[in-house]
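Below is one structure, written out as structure tokens, with a few remarks after it.
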Amino acid sequence: MAGSIPASATASAAAAAAPRVGPWREAWRRFRKHRLAVASLVILSTLVLAVLVGPFVWQVPIDEIDFTARLQGPSWAHPMGTDDLGQDLLARVLYGGRISLAVGFAAMTVAILVGVLVGAVAGMAGGRIDAALMWLTDLFLSLPQLPLLLLIIYLFRDALTKVVGPELGVFILIVIIIGGFNWMQVARLVRAQFFSLREKEFVEAARALGASRLRLVLRHILPNAMGPVIVAATIDIAAAIIAESTLSFLGLGFPPDVPTWGRLLFDAKDNLDFAPHWAIFPGAMIFLTVLSINFIGDGLRDAFDPRRVIAS
């Protein structure tokens, strides 16, 4: 029809007029549609804020002994009750939360760094290097983790604590061990992403323009592979917190005077019949933290998955 505007031109004009949305903003928009993930993010943020700020608000010493208040239930004076020495459990839970969360995030950082490095090298190099790195990854996957964790702690804990002190020494050892046994899934994920992305048109264009291999990895491939890595990071945090709690529950984690959540459970196991609150509160902190992180991981997985359709 004379004077009419072609449909393709109209569509092009509409597309040009539409505001440009970046990938991270689009991921945040998709993440907000996941109600459980948003609620979990609020819960996790509250827990982190509580363990960071709480000791400055609730200024009860974690080692203050009061035998007249031993094994008391929750009250105004002791909102989470007391242990067998009359020590305030709220103060100890807040203090222990710092250590448990610090172990989780630090071990996650170690696992992500090692996994991304191994996966990126394997994905870009290919050939014998890829085969050797994947053989190493399969070897670590086949190792029984808990017996090795116990063996390594028995062998190196005393030597390391003599050098840097008992608390810092055990922290470093646990972070390295947990991170060193959780990088394999990240490495496989990054390797698969590199195999897919390195053949894309934008990577071929950058290669044709003379970009070095390092620039291809840092500027073009790795940023586009970070979505699945972030999802894997949330899983590693939850796994690290559970692993630290397990070691502390077995009596092989931090020293007895360091009240991590796992250590509190270990100390409470012989008093469950007449002081269940001693185990309920640190157990609830572990449960809420791990559950929140898992739901956040689900939300991130949906947000970074372009194939998943989320209603506006």
* Asked: If residue 192 passes every condition in (1) without any contact (Cβ under 8 Å) to a residue 60 or more places away in the chain; (2) open to solvent by 50 Å² or more (accessible area, probe 1.4 Å); (3) of a type in the set (A, V, I, L, M) but one, which one does it miss?
  -> (1)
* Asked: So which of 117, 49, 90 is assigned to a helix (DSSP H, G or I) and in contact with a His (Cβ under 9 Å, 6 or more places away or on another chain)?
  -> 90
* Of 180, 123, which residue is crowded, with 22+ Cβ neighbours inside 10 Å and either more than 21 Å from residue 249 (Cα to Cα) or touching a residue at least 60 places away in the same chain (Cβ under 8 Å) (or both)? -> 123
* Asked: Which ones in region 236-277 are open to solvent by 40 Å² or more (accessible area, probe 1.4 Å), part of a loop (DSSP other than H, G, I, E, B) and closer than 25 Å to residue 73 by Cβ?
  -> 256, 257, 272, 273, 274, 276
* Structure fact -> Every listed condition ((1) modelled with pLDDT under 85; (2) aromatic (Phe, Trp, Tyr); (3) open to solvent by 40 Å² or more (accessible area, probe 1.4 Å)) holds for residue 95 save (1)
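How many of the residues making up region 103-115 are within 10 Å of the chain's Cα centre (by Cα) and either of a type outside the set (A, V, I, L, M, F, W, C) or under 20 Å from residue 169 (Cβ atoms) (or both)?
The initial filter retains those residues of region 103-115 that are within 10 Å of the chain's Cα centre (by Cα), namely 103-109, 111-112.
Right, trim to either of a type outside the set (A, V, I, L, M, F, W, C) or under 20 Å from residue 169 (Cβ atoms) (or both) and you get 103-107, 109.
The total comes to 6.
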* Restricting the search to region 52-87, which residues are in a loop (DSSP other than H, G, I, E, B), more than 17 Å from residue 268 (Cβ to Cβ) and either among the hydroxyl-bearing types (Ser, Thr, Tyr) or open to solvent by less than 30 Å² (accessible area, probe 1.4 Å) (or both)? -> 75
* Scan region 210-226 and report the pairs whose first residue is within 10 Å of residue 197 (Cβ to Cβ) and whose second residue is among the polar types (S, T, N, Q) and assigned to a helix (DSSP H, G or I), with Cβ atoms within less than 9 Å and a gap of 6+ or a chain change. => 221/193; 222/193; 224/193; 225/193; 225/196
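The values are calculated or read from the model by the stated rules, or taken from the named source; none is laboratory data. Keep in mind that what you see is a predicted model, and the values were worked out from it rather than measured. Cβ: placed from backbone, ideal geometry, glycine included. Neighbour counts: every protein chain shown. For the accessible areas, the whole protein counts, side chains as well, though only heavy atoms, and no ligand, DNA or RNA atoms are used. Shrake-Rupley method; radii C 1.70, N 1.55, O 1.52, S 1.80 Å.
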